[in-house]
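A.B. asks: Sharing a structure here in structure tokens format.
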Amino acid sequence: MPAEGSIAVLAGSGRLPVELVDHLDRTGASFRIMALRGFTDRVLTRRADVVVDLLDIRRILAVLQSWRPATVTFAGAVSRPRPGAILGASSFLRNRAEIQRVFSGGDDKLLRGAVKLLEEHGQRVVGAHELAPHLLAHPDLHSRAMPSRQDEEAIRTGIALLDALSEFDVGQGAVVEGMRVLAVEGPEGTDSMLRRVARLRRWPLSRRGRSGVLVKTLKKDQDIRVDMPVVGPRTVREATRAGLAGIALGEGATLIVDQAEMLRQADRQNIFVVSVPMTREAAGG
């Protein structure tokens, strides 16, 4: 039986849950892992205390009630259920009321609904950045390469664009070249958006030919406890293949997985990675 006062990690997809769990392990924190079937990394799933169906909300609540954690944190991406995340019709039927409540609307509403449901059942939800603040993009983050004047213009345009699109609950990233928007992140995620840009451009990826910036930051009024943007070494690889000049991240508003390796890759590819000040307010922080 998990000890009272521990941290419950609800692990979604990607490397963030793995890095968070490794950090908690290193620091001696008491924690338990709830893996979401069809989302959580296989390595982390094998370490999990329990594996649950995303749609089996009643079981999730029951497990948390039995664990009695001091805090609950979401780590990793969770989106509309995929076939691998669904056990079958029985889960839907058992949880129909909760599912209709939580899964209506866009992804941002999904996450807010999940947080509200947990809080109504006595759980205290915290952000992964509160447990591992070293993962945040800090103010002096930068690679050896730095943005040009055109890149700075693209960054300003990207931030303004994401700010304007916030109310429509789309993604947290965009690719901008000067004042021209090349792509906006949708439900497919950042990596898939960058691959789309690569297919659209299809030119030699020499430094001379590189242009455009991936801008990644919070949406307006985002609940930073559950859906903070995440980047890592793979983001640099995809940005390189897309022929971009660099990556701009919201300062204190973006989580970086394996930051040292991400910067090493950026330096090898001679593209820039910088943090940019956040002027917008975010909820839940």
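Read-outs throughout are calculated quantities, based only on the coordinates presented, and are distinct from any laboratory measurement. If you're wondering where the values come from, they're calculated on a predicted model, not measured in any experiment. Every residue, glycine as well, gets a Cβ built from its backbone with ideal geometry; the counts of neighbours run over all protein chains shown.
A.B. asks: Run the numbers for residue 126 and residue 66: contour at 0.36 nm per residue of separation, minus the present Cα-Cα distance, in nm.
C.D. replies: 19.7 nm
A.B. asks: Another question about this same structure. So which trypsin sites (Lys or Arg not before Pro) in the range 120-177 end up in coil per DSSP with only 12 or fewer other C-beta atoms within 10 Å? Before the final figure, lay out the partial values.
C.D. replies: Values: sites: 124, 144, 149, 156; in loops: 124, 144.
Of the trypsin sites (Lys or Arg not before Pro), the ones in loops of the range 120-177 whose Cβ has at most 12 other Cβ atoms within 10 Å are 124, 144.
A.B. asks: If you don't mind, there's one more thing I want to ask. On a full-extension model of 0.36 nm per residue, what is the gain between residue 199 and residue 153, subtracting their alpha-carbon distance, rounded to one decimal in nm?
C.D. replies: 14.2 nm
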